[in-house]
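Let me begin by presenting the structure, written as structure tokens, before commenting on it.
No value in this document is a laboratory result; all are computed from the given coordinates. Fair warning: this is a prediction, and the values are worked out from it, not measured in the lab. Virtual Cβ from ideal backbone geometry, glycine too; neighbours counted across all protein chains shown.
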Amino acid sequence: MQSLHLMSKDSSNPFLRLSTVAIQMAAVIGLFTWLGVYLDNKYHFSYLFTVILGLTGVGIGLYLVIKEVQQLDNEN
């Protein structure tokens with residue numbers, strides 16, 4: 001029986017992997033910022049949660065990018 005094999009990390013294009021990480025980073029930052037705006041509106045703060053969660057999203061996004069670049073470097 002032949003197994004279904006999706007694109008493995010070894011055979012994928014590095015540019016495709018990095019563009020995927022960029023989209024992932026944008027989604028994380030957007031989600032955290034949206035959550036911050038929601039919490040600021042709910043609890044009547046002036047940009048407190050937006051700034052904190054937005055910067056947290058940036059940090060997590062950068063972590064994901066650095067992790068993927070290190071993985072690409074280790075494969076080559």
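Tabulated results
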| quantity | calculated |
| --- | --- |
| Those residues of the stretch 53-76 whose amide nitrogen sits under 16 Å from the label point placed on residue 31, 7 Å along Cα→Cβ | 53-65 |
| Cα lying deepest toward the dipole's positive end in the chain, options 69, 55, 34, charges on Cβ | 34 |
| Structure-derived semi-axes √(5λ) of the Cα gyration tensor in Å - corresponding label in [x] 35, 15, 8; [y] 18, 15, 11; [z] 20, 12, 10 | [x] |
| Theoretical ellipticity at 222 nm over the chain - DSSP helices of four or more residues, -39500 (n - 2.57) apiece, nearest 500 | -27500 deg cm²/dmol |
| Rounded to 10°, Cα long-axis angle of helix 48-75 versus longest principal axis of the chain | 10 degrees |
| The stretch 25-75: relative contact order as a whole-number percent, Cα under 8 Å and 6+ apart | 41 percent |
| Acute angle (nearest 10 degrees) that the helix 14-43 long axis makes with the longest principal axis of the chain, alpha-carbon atoms | 20 degrees |
| Kirkwood estimate for the stretch 10-52, i.e. one over the average of 1/r between Cα atoms, Å | 11.9 Å |
| Packing rank of 24-36, 58-70, where each peptide gets the mean count of other beta carbons within 10 Å, highest leading | 24-36, 58-70 |
